[in-house]
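Comments concern the structure below.
The values are calculated or read from the model by the stated rules, or taken from the named source; none is laboratory data. Remember, predicted model here, so these are calculated numbers, not experimental data. Don't worry about glycine lacking a Cβ; one is built from the backbone with ideal geometry, like all the others, and counts go over all protein chains shown. For the accessible areas, the whole protein counts, side chains as well, though only heavy atoms, and no ligand, DNA or RNA atoms are used. Shrake-Rupley method; radii C 1.70, N 1.55, O 1.52, S 1.80 Å.
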Amino acid sequence: MHTSSHGNPKYAPAGYPTAPLNLPPPSHISPFRGPAASASSWSTGLCHCCDDPANCLITAFCPCVTFGQIAEIVNKGSISCAASGAVYGFLALTGLSCLYSCVYRSRLRGQYDLEEAPCADCLVHFCCETCSLCQEYRELKNRGFDMGIGKLAGVCFSFLYR
């Protein structure tokens, strides 16, 4: 209670509690995932490209193949490896392929609740396009997807030899 200058007790001023409140800390709300959840880390690092030497070489010389494989899995087969790889290849001619591939990195992170590390998705793809594609490939492979060169990857390679 608060006493006025005349010595009469009055109610506490409006809006100010008289005793501290023991409330739990507020949960932070993410606009994308709801209540705060801890994202899991990637199974391999961004610069561990040589963990899979074959993929490292393919991605270095023809990133459209690796991107097509990643995109087909992220899209759950709704868009083929060849179509995604062709779009990526066309955008690579304009220098905008990193914008297209960063969208797929964001989708992959969303599907598997992966942290946005080491920095924002578009920045990772802009600065380290080859390394980021290799990391995404290894992540899917480590999660049990068959990333081997099979029928769909063969279709992707057929565009190179025409």
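In the stretch 70-87, the qualifying residues are those that are of a type outside the set (Val, Ile, Thr), in contact with a Phe, Trp or Tyr (Cβ under 7 Å, 6 or more places away or on another chain) and closer than 21 Å to Leu114 by Cβ, and the one that is surrounded by the fewest Cβ atoms within 10 Å (Cβ to Cβ) is Ser84. Within the stretch 107-135, the residues that satisfy the criterion of being open to solvent by less than 50 Å² (accessible area, probe 1.4 Å) and either in a helix (DSSP H, G or I) or under 19 Å from Gly85 (Cβ atoms) (or both) are Leu108, Arg109, Asp121, Val124, His125, Glu129, Cys131, Ser132, Leu133, Cys134, Gln135.
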